Amino acid sequence: MAQLIGGLASSHIPAIGGAIHKGLQADPYWAPFFAGYPPVQKWLAEHKPDVMVIFYNDHGLNFFLDKMPTFAVGAAARYDNADEGWGIPTLPSFQGEVDLSWQIINHLVAKDFDIVTCQEMLVDHACTLPLKLFWPDHEVAPVQIVPININTVQFPLPTAKRVYKLGKAVGEAIASWNSDKKVAVMASGGLSHQLDGERAGFINKAFDLQFLASMESNPEWVTQFSDLELVEKAGTQGVELLMWLAMRAALTSAGAGVRKVHSNYHIPISNTATGLLALETV
Ligand code: DHB
Ligand code: FE
């Protein structure tokens with residue numbers, strides 16, 4: 001059976017792509033952000049997952065407001081990136097893991113999740129930037145991917161409770177996959193941020209730190225909140241923390257428990273509180 005070796009989570013602010021492109025990693029504004037990543041890069045170099053299952057939210061590249069699935073799972077052999085208008089370089093294509101995609105899709109449908117299956121799917125900055133941060137020396141991350149899109153862009157959003165169940169079911173699908181590959185799960189988004197409206201620039205450090213702590217020892221903590229409560233606490237785009245919840249829920253299906261490899265929290269990049277987390281299964 002496949003091995004679920006751990007979970008990673010990272011913010012995905014488009015300006016990161018610009019900073020990498022311009023080589024600004026040591027710039028005083030950027031240094032505390034980029035300094036978080038080497039321990040995670042080292043863990044990945046040591047543990048070498050074959051496949052990364054990526055919980056992320058598309059921001060209008062593949063799905064626009066006219067058609068917005070709550071949950072969509074990629075089932076493509078190749079995923080292309082494209083220009084989203086942020087002025088950052090378009091990254092090369094990623095290789096899919098089609099067999100695992102269908103393993104996950106079949107399991108989710110059997111568990112009553114009504115998902116959209118995507119045999120063609122463009123992946124946006126939320127998919128590409130964390131992979132670039134995790135493998136900075138590779139043109140393309142040396143993993144196959146299975147992207148899973150969770151709508152946090154247009155209401156109504158799935159509840160945290162529902163996202164937790166989705167993540168758990170994805171973890172079950174990985175754990176029962178008949179393969180000798182090593183799989184890691186990854187979340188892209190958050191932490192607290194609000195890009196527009198009266199509260200633009202809103203950041204809630206106390207909430208973020210409590211959420212980060214819950215990821216280790218009490219993963220269901222955030223499921224007590226409704227989506228509107230999450231918007232109030234974390235900002236309109238801070239609801240991207242639902243990706244972290246799905247990633248963490250997937251790990252609960254892997255067996256015993258998790259051990260923290262590394263975390264980082266830095267305020268702000270752009271309008272966003274940045275978070276980074278790496279957990280390994282034990
Ligand atoms: C920013 C953050 C995001 O999550 C995003 O998708 C786009 C922009 C920002 O902080 O600039
Ligand atoms: Fe975002």
By residue number, the members of the stretch 185-213 that are under 15 Å from Trp244 (Cβ atoms), of a type in the set (A, V, I, L, M) and either surrounded by fewer than 19 Cβ atoms within 10 Å (Cβ to Cβ) or without any contact (Cβ under 8 Å) to a residue 24 or more places away in the chain (or both) are Leu209, Ala213
Within the stretch 186-234, the residues that are closer than 17 Å to Tyr164 by Cα and polar (S, T, N, Q) are Ser188, Ser214, Ser217, Asn218, Thr223, Gln224, Ser226
**OP:** With the condition kept exactly as written, say whether any residue in the stretch 232-244 is closer than 17 Å to Asn218 by Cβ, in contact with a Leu (Cβ under 8 Å, 6 or more places away or on another chain), among the basic types (Lys, Arg) and modelled with pLDDT of 95 or more.
**Re:** no
Within the stretch 199-226, restricting to residues that are acidic (Asp, Glu) and away from ligand 2 (no atom under 16 Å from the Cβ), the one that is farthest from Leu157 (Cα to Cα) is Glu216
Sole miss for Ala72 among (1) assigned to a helix (DSSP H, G or I); (2) under 21 Å from Gly190 (Cα atoms) is condition (1)
The stretch 1-65: helices (runs of 4 or more DSSP H) wholly inside it with 1 or more residues that are within 16 Å of ligand 2 (Cβ to nearest atom), touching a residue at least 12 places away in the same chain (Cβ under 8 Å) and in contact with an Asp or Glu (Cβ under 9 Å, 6 or more places away or on another chain) are 14-22
The condition of being of a type outside the set (Asp, Glu) and under 29 Å from Glu216 (Cα atoms) holds, among His59, His21, only for His59
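Residue-by-condition table, conditions (1) of a type outside the set (Lys, Arg); (2) in contact with a helix residue (DSSP H, G or I) (Cβ under 8 Å, 6 or more places away or on another chain); (3) over 24 Å from Leu279 (Cα atoms):
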{"position": "Lys22", "(1), (2), (3)": "no, no, yes"}
{"position": "Phe33", "(1), (2), (3)": "yes, yes, no"}
{"position": "Gly36", "(1), (2), (3)": "yes, no, no"}
{"position": "Asn57", "(1), (2), (3)": "yes, yes, no"}
{"position": "Phe64", "(1), (2), (3)": "yes, no, yes"}
{"position": "Ile88", "(1), (2), (3)": "yes, yes, yes"}
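Output the residue which, of all residues in the stretch 145-165 that are in a loop (DSSP other than H, G, I, E, B) and either touching a Gly at 6+ places or on another chain (Cβ under 6 Å) or more than 16 Å from ligand 1 (Cβ to nearest atom) (or both), is farthest from Asn62 (Cα to Cα).
For the stretch 145-165, the residue satisfying everything is Thr159.
The values are calculated or read from the model by the stated rules, or taken from the named source; none is laboratory data. All values derive from a computational prediction rather than experimental measurement. All Cβ positions, even for glycine, are placed from backbone atoms using ideal geometry, and neighbour counts span all protein chains on display.
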